[in-house]
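Have a look at the structure below before the remarks.
The values are calculated or read from the model by the stated rules, or taken from the named source; none is laboratory data. Keep in mind the model is a prediction, meaning the values are calculated, not measured. In this analysis, Cβ positions are derived from the backbone assuming ideal geometry, glycine residues included, and neighbour counts consider all displayed protein chains. Accessible surface is based on the protein model in full, side chains and every heavy atom, while ligands, DNA and RNA are left aside. Shrake-Rupley method; radii C 1.70, N 1.55, O 1.52, S 1.80 Å.
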Amino acid sequence: MSCLDATFTLTPRSPLYYNSVHNQALLFCYGADFTWWGQTNLSSLYASDRFYFDAIFAADPNLDYTQWANRKKARFLFPFIDLGDYGAAHKQLALIFGFDVLYSSVDGRVLVYSDAGLLQDQKLVYGDNQFLLEIESLDLPLYLYFIHAGGYWLFRGISGYVV
């Protein structure tokens with residue numbers, strides 16, 4: 001059995017993949033949290049290459065985050081992906097979002113939006129460490145918004161696989 005190599009992987013310390021104008025991916029973070037204790041202080045998060053999202057600052061899951069006025073008030077991750085060099089009409093993208101939930105008693109929650117609307121309302125469960133998002137076409141650059149909508153969790157990275 002063989003494994004498929006990731007086309008790109010974006011992490012907090014390595015937020016850029018670039019081969020050409022139409023073969024690139026970037027990760028932007030709008031509002032990660034830091035505390036003074038243990039694994040969520042700045043030096044620990046930098047060493048472990050993660051972003052922390054605290055439940056106290058979770059966004060309202062009932063708002064429409066396609067609207068910039070709502071999105072700018074939320075903490076979110078924004079990957080920009082342009083893989084047009086892959087022959088977009090015949091390819092798909094599988095995105096693996098990596099995370100760690102801090103407490104078994106409190107689930108996390110991420111709302112995945114594009115500019116067209118909500119793509120996925122994802123529950124993050126203690127013990128799991130990733131979820132899959134499938135993109136059917138790579139015709140145009142992809143703007144995604146991963147809105148922090150609940151729980152205490154750490155973002156580890158996102159990997160994309162062109163298939």
Restricting attention to segment 66-118, the residues that are out of contact with any Phe, Trp or Tyr (no Cβ under 7 Å at 6 or more places or on another chain), hydrophobic (A, V, I, L, M, F, W, C) and over 24 Å from Ser20 (Cβ atoms) number exactly 4
Based on what the data block shows, is Asp100 more than 30 Å from Gly38 (Cα to Cα), among the acidic types (Asp, Glu) and modelled with pLDDT of 95 or more?
no
Among (1) under 22 Å from Leu95 (Cα atoms); (2) surrounded by fewer than 16 Cβ atoms within 10 Å (Cβ to Cβ) - the single one Trp36 does not satisfy
(1)
Failed condition for Ser105, given (1) open to solvent by less than 30 Å² (accessible area, probe 1.4 Å); (2) at pLDDT 95 or above; (3) more than 25 Å from Asp64 (Cβ to Cβ); (4) out of contact with any helix residue (DSSP H, G or I) (no Cβ under 9 Å at 6 or more places or on another chain), with all others met?
(1)
How do the pairs read when you match residues in segment 38-59 that are touching a residue at least 12 places away in the same chain (Cβ under 8 Å) and on the phi > 0 side of the Ramachandran plot with residues anywhere that are in a strand (DSSP E or B) and open to solvent by less than 40 Å² (accessible area, probe 1.4 Å), using Cβ under 8 Å and keeping only pairs 6 or more apart or on different chains?
Asp49/Thr11; Asp49/Gly157
Checked segment 130-163 for anything open to solvent by 70 Å² or more (accessible area, probe 1.4 Å), more than 23 Å from Leu63 (Cβ to Cβ) and either of a type outside the set (Asp, Glu) or in a loop (DSSP other than H, G, I, E, B) (or both); matches are Gln130, Leu132, Glu136, Asp139, Leu140, Arg156, Val163
Kindly indicate which of Asp54, Asp49 is under 24 Å from Val125 (Cα atoms), touching a Lys or Arg at 6+ places or on another chain (Cβ under 7 Å) and charged (D, E, K, R).
Asp49
